[in-house]
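A.B. asks: Sharing a structure, written as structure tokens. Questions coming.
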Amino acid sequence: MLTRNRALQLYIWVLALCGMSVVAWCIYSLLHMEPDPSLQTFGGALVFVCLGVAGSRRRVQLGESTTHAMGSVAYVATVLLFPLPLAILTVGSSKVISELDLLRRKKVRIRHLAVNAGATILSWSIGGEAFRLLHGEPTLWRHDLFAVEAFPAVAALALLYWFTEA
């Protein structure tokens, strides 16, 4: 019989394994990407890792009872600016570093790291893939009125992220 504790442990393991599978796919994709990403691209990703870590420590009050971490702003920018495999690795690295800092300060347990990092990696990969499949990247950076065509892709990115993260 599946007890509540056993079900929660199973959920944590499945979430952690799915997150690690996405990370493995991202590494494989980066190694086989044509053309190879430049060192400048990786330097930019490192800046966004730092922005995500710094932003995750800051909260904004959106309503009477709603707060939101500012790290999400860096995550959105990362997914919009970088190739998807690099963006997911950047977002995942930022989240893992933030969670490790909380773990070091004994504010969370190790299972929180698996749940939070795994959920963040999965939700941004789902949203990012929808953005890519709806051709958001080539249309978002146009310099004419046709850049509006990227709106459905950006909306899908946001909606799928928030639905899968919740």
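A.B. asks: Among the residues of region 12-42, write down those that are over 18 Å from the mean Cα position of the chain (by Cα) and more than 14 Å from Ala117 (Cβ to Cβ).
C.D. replies: Leu31, His32, Met33, Glu34, Pro35, Asp36, Pro37, Ser38, Leu39, Gln40
A.B. asks: Moving on. Applying the selection to region 120-136, what residues are open to solvent by 40 Å² or more (accessible area, probe 1.4 Å) and without any contact (Cβ under 8 Å) to a residue 40 or more places away in the chain?
C.D. replies: Ile126, Leu133, Leu134, His135, listed by residue number.
A.B. asks: Further question on the same structure: Looking at Val91, Val148, Val73, which one is open to solvent by 60 Å² or more (accessible area, probe 1.4 Å) and within 19 Å of Val53 (Cα to Cα)? Talk me through it step by step, then tell me what you get.
C.D. replies: Details: Val91 fails: open to solvent by 60 Å² or more (accessible area, probe 1.4 Å); Val148 fails: within 19 Å of Val53 (Cα to Cα).
Result of the check over Val91, Val148, Val73: Val73.
A.B. asks: Take His112 and decide whether it is open to solvent by 40 Å² or more (accessible area, probe 1.4 Å) and farther than 25 Å from Leu10 by Cβ. Spell out the reasoning first.
C.D. replies: Details: open to solvent by 40 Å² or more (accessible area, probe 1.4 Å): yes; farther than 25 Å from Leu10 by Cβ: no.
Considered against the rule, which asks whether it is open to solvent by 40 Å² or more (accessible area, probe 1.4 Å) and farther than 25 Å from Leu10 by Cβ, His112 comes out as no.
A.B. asks: Could you list all residues from region 84-119 that are outside any helix (DSSP H, G or I) and either touching a residue at least 60 places away in the same chain (Cβ under 8 Å) or basic (Lys, Arg) (or both)?
C.D. replies: Taking region 84-119 first, the residues outside any helix (DSSP H, G or I) are 105-109.
Passing the criteria: Arg105, Lys106, Lys107, Arg109.
The values are calculated or read from the model by the stated rules, or taken from the named source; none is laboratory data. The shown structure was predicted, so the numbers you read here are calculated from the model rather than taken from an experiment. Here the Cβ is made from the backbone with ideal geometry for all residues, glycine too, and neighbour counts use every protein chain on show. Heads up: the accessible areas ignore ligands, DNA and RNA and are worked out on the full protein's heavy atoms, side chains in. Shrake-Rupley method; radii C 1.70, N 1.55, O 1.52, S 1.80 Å.
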